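Before any comments, here is the structure.
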Amino acid sequence: MPDWLTNMEPHWAWLSLGVLLAAAEIVAPGFFLIWLGGAAIVTGAIAWIAPISIPLQLGVFAVLSFIFLYGARRWLKANPITTADPHLNQRGGRLVGEVLTVTKAIEDGRGRAKVGDGEWPVRGPDVAEGTKVRVVSADGGVLVVEAA
């Protein structure tokens, strides 16, 4: 093990861990690691100000992690994150209400319809090719349609 690592003061290790966890939240967002990073940074600050033993530092980190995570969860429950565009990454959901042209007749409830410059599989009542249909919902990659 490198000499600088074995001689590192514990508060620097906590502060480094906190920064690494915060950076990991940026790389793998999940709104979880940032709170552990905050707990590690506060633990490092406490260890810097008051020289406490390593087991006590671990206990402080555990308690702070619980408090930060619980507090964040309660805050998010009271202040949910809303978006101006609920179908942002749901292309099928964005197509609800659109009128499409059937490119392959819907037979036995299955067919294809033109969407933009491509075709999507559709499910709905049997209709002939060229018929206009309205998208009523999306089921995965399949659009559910009705006669327009």
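Would you check which residues across region 104-148 are open to solvent by less than 70 Å² (accessible area, probe 1.4 Å), without any contact (Cβ under 8 Å) to a residue 12 or more places away in the chain and part of a strand (DSSP E or B) and list them? Within region 104-148, G118 is the sole residue that qualifies.
If you go through region 26-52 and keep only what is under 17 Å from S65 (Cβ atoms) and at pLDDT below 90, you end up with G30, F31, F32. Against the criterion of being closer than 30 Å to G140 by Cα, within 28 Å of the chain's Cα centre (by Cα) and outside any helix (DSSP H, G or I), T101 does not qualify. Condition first: within 28 Å of the chain's Cα centre (by Cα), farther than 30 Å from G18 by Cα and either of a type outside the set (S, T, N, Q) or crowded, with 18+ Cβ neighbours inside 10 Å (or both). Can you find one or more residues in region 75-82 that meet it? Scanning region 75-82 turns up no residue that is within 28 Å of the chain's Cα centre (by Cα), farther than 30 Å from G18 by Cα and either of a type outside the set (S, T, N, Q) or crowded, with 18+ Cβ neighbours inside 10 Å (or both). Of note, R94 does not satisfy the criterion of being at pLDDT 95 or above, surrounded by 14 or more Cβ atoms within 10 Å (Cβ to Cβ) and out of contact with any Cys (no Cβ under 6 Å at 6 or more places or on another chain). Among the helices (runs of 4 or more DSSP H) confined to region 1-73, the ones with at least 2 residues that are surrounded by fewer than 17 Cβ atoms within 10 Å (Cβ to Cβ) and in contact (Cβ under 8 Å) with a residue 12 or more places away in the chain are located at 10-27, 33-49.
The values are calculated or read from the model by the stated rules, or taken from the named source; none is laboratory data. Model, not experiment: these values are computed from the prediction. Quick reminder, even Gly has a Cβ in these numbers, built from the backbone with ideal geometry, and neighbours come from all protein chains shown. Protein only, heavy atoms only, side chains kept; ligands, DNA and RNA dropped before computing areas. Shrake-Rupley method; radii C 1.70, N 1.55, O 1.52, S 1.80 Å.
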